[in-house]
Amino acid sequence: MAADEPAWIDGLRRGEPAAFDAVFAAYRQRLYGYLVRMTRRRDVAEDLLQDTFLRLAQHARKLAPDTRLGAWLFTVAHRLVISWSRAQAVRAQLAGDLPAREAGGDDRSPLGALVESQAQLALERAFAQLEPPYREVALLVGVEGMQPAEVAEVLGQKPDAIRQRLARARTRLAAALGEHAPAARRKP
Amino acid sequence: MTDQDDAAELTEISRELPALDLDATTTERIAHRARDQVGRRPSPLRFVEPAIAALLVTGYLIWAVLKALEALGG
């Protein structure tokens, strides 16, 4: 939690736009990265990011003083991703297809143009290949630095389930990365 | 391996992921739209539509009951 968060929450509860701006600046990039990697689409990630912050703005006055903003925002973002995924599956079925397999970080990936090295590309692909439940845990723990208990709270899952996903995500990522794995590179 | 070990290794692996961000225009658009909603209390007009619907349904039900009673009473 950022040191300024209590002041931000206080400001949000009073309806101060400056407090919103501070929260937006602190969490925009983190949430966007999470949303892009979960949806694999930048346009969708932008929409869901906007919805996340709209919900924050609309609930600003009702926030509890001890709210942990990171957990609150990622919970909202997670729920929006779930809703979007379900809508995608329904659309695909209505179109007569099987639920669409997620784009697997190939050259058409929106992330492909952003990476600077083969190692980064391999990393993005490895994350993209993870099934969403594992990818989500890997992102929240590995990128966001959340503790498994906090991830369980954000995702509405039991801590044991998260620990299991965490272990599998790590194993699958390391296997997918092979020689690109940072840990593997350190070991002879 | 403990979950702390798993978390540490995932953090190490994820360190090289590139940071993703929005372009400045999109950032400002999203911020502006959401900022406008901060602290805004819900409009009381949001009750108008459900109230009209409730009145219509209640009126229809009363009419239906009266008609049924009329039919039963001959």
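Every read-out reported here was derived from the displayed coordinates using simple, explicitly stated rules and does not represent laboratory data. These numbers were taken from a predicted model, which means no experiment stands behind them. We place every Cβ from the backbone using ideal geometry, glycine too, and count neighbours over all the protein chains shown.
Quick rundown of the values:
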| quantity | calculated |
| --- | --- |
| Single unsatisfied condition, residue B:47 versus (1) more than 10 Å from every other protein chain (Cβ to nearest Cβ); (2) in contact with a helix residue (DSSP H, G or I) (Cβ under 8 Å, 6 or more places away or on another chain) | (2) |
| Residue check for residue B:30: assigned to a helix (DSSP H, G or I), surrounded by 10 or more Cβ atoms within 10 Å (Cβ to Cβ), facing another protein chain (nearest Cβ under 7 Å) and touching a Pro at 6+ places or on another chain (Cβ under 6 Å) | no |
| Residue in the range B:36-60 that is nearest to the chain's Cα centre (by Cα), counting only those that are exposed (fewer than 10 other Cβ atoms within 10 Å of the Cβ) and not in a helix (DSSP H, G or I) | B:42 |
| Residue in the range A:26-61 that is nearest to residue A:129 (Cα to Cα), counting only those that are of a type in the set (Lys, Arg) and without any contact (Cβ under 8 Å) to a residue 40 or more places away in the chain | A:28 |
| Check on residue A:37, charged (D, E, K, R), crowded, with 16+ Cβ neighbours inside 10 Å and either over 19 Å from residue A:57 (Cβ atoms) or more than 7 Å from chain B (Cβ to nearest Cβ) (or both) | yes |
